[in-house]
Structures are given as structure tokens and as C-alpha cells.
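Take a look at the structure set out below.
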Amino acid sequence: MTRKLFIFSTIAFWIAVAGLGTTSVWWLPAGQGAAQAKEQTISPADLAKHRSPENCWMAIRGAVYDLSTYLPEHPSRPDIVLPWCGKEASEAYNTKMKGRPHSPYADELLAKYRIGLFAKVP
């Protein structure tokens, strides 16, 4: 009886694993896995349209982020961040304009606002 239960449980487990493996990658954070392949590509012209505090997009490290809802929560003064709305801001993000990088927590937080890939003009 115990052996049959073990075999049945093992088979049920692997069927469940196979079923999860064929579905969407719901367990990955946003912006990873299959969802990343479907990301929209945002041109510099499209990025430039989003330069107000209420509609603030930034390109950082090859990705575009909609930071409109985060700006009021940002720990620094708004006048430090607002000039980068609608622009490529990798250097500003990487150095905080003071030669210091953002924290790993900031990188984690940034990932939540990712909306697409930045299409650099050659």
C-alpha cells in the first residue's frame, strides 16, 4: 500500500511540474522570462514626449521606466530628478550626479516601473 501511494504521489508531482512548466512564467518578476520578449520598443522621440512630472519616463541602461507615480516618493528633491524626464538618464542614475551609484534596493525598485526597451538611434 505504501509503495502504491509513493508511486501515485510521484506521478502526480511530476504531472503538476510539467503543467506549471507549460504555462506562463507567472513566478518570475515583471520584465523577465517570456514577457521580456514581448516588451515594446520605445524610440527617443516617444521618450521625449514624456517629460513632465505627471508623465515622466526615463531611459536607464537600455530600458525605459515610467516613474510618474514614483516621483513623489523619491527621497531627493524633485528638481534633481525632473530634468531627466523624457531623456536617457543612465549616467545620472549610475552616479547620482555625485559619483555614487544607487543602492541594490533602488535597482530592485526601478524594475517595478519598467515599461519597455529603449531604441537607441545609431
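Derivation of every value follows stated rules applied to the coordinates shown; laboratory data play no part. Quantities reported herein were computed from a predicted structural model and do not represent experimental measurements. For neighbour counting, all protein chains shown are included, and Cβ atoms are generated from backbone atoms with ideal geometry for every residue, glycine included.
With both residues required to sit in region 34-122, DSSP beta bridges show an antiparallel share near 65%.
With each label modelled as a point 7 angstrom along the Cα→C-beta vector, the THR2-SER103 pair spans 5.2 nm. The modelled label-to-label distance between ILE11 and GLU39, using points 7 Å beyond Cα along the C-beta direction, is 4.3 nm.
Around GLY62, with a cut-off of 10 angstrom between Cβ atoms, what is the net charge of the other residues, counting Lys and Arg +1 and Asp and Glu -1? It would help to have the intermediate numbers written out before the result.
Working: positive: ARG61, LYS120; negative: GLU88.
Around GLY62, the surrounding residues sum to +1.
Placing a pseudo-label 7 Å from each Cα along the Cα-to-Cβ vector at SER52 and SER90 gives an inter-label distance of 3.0 nm.
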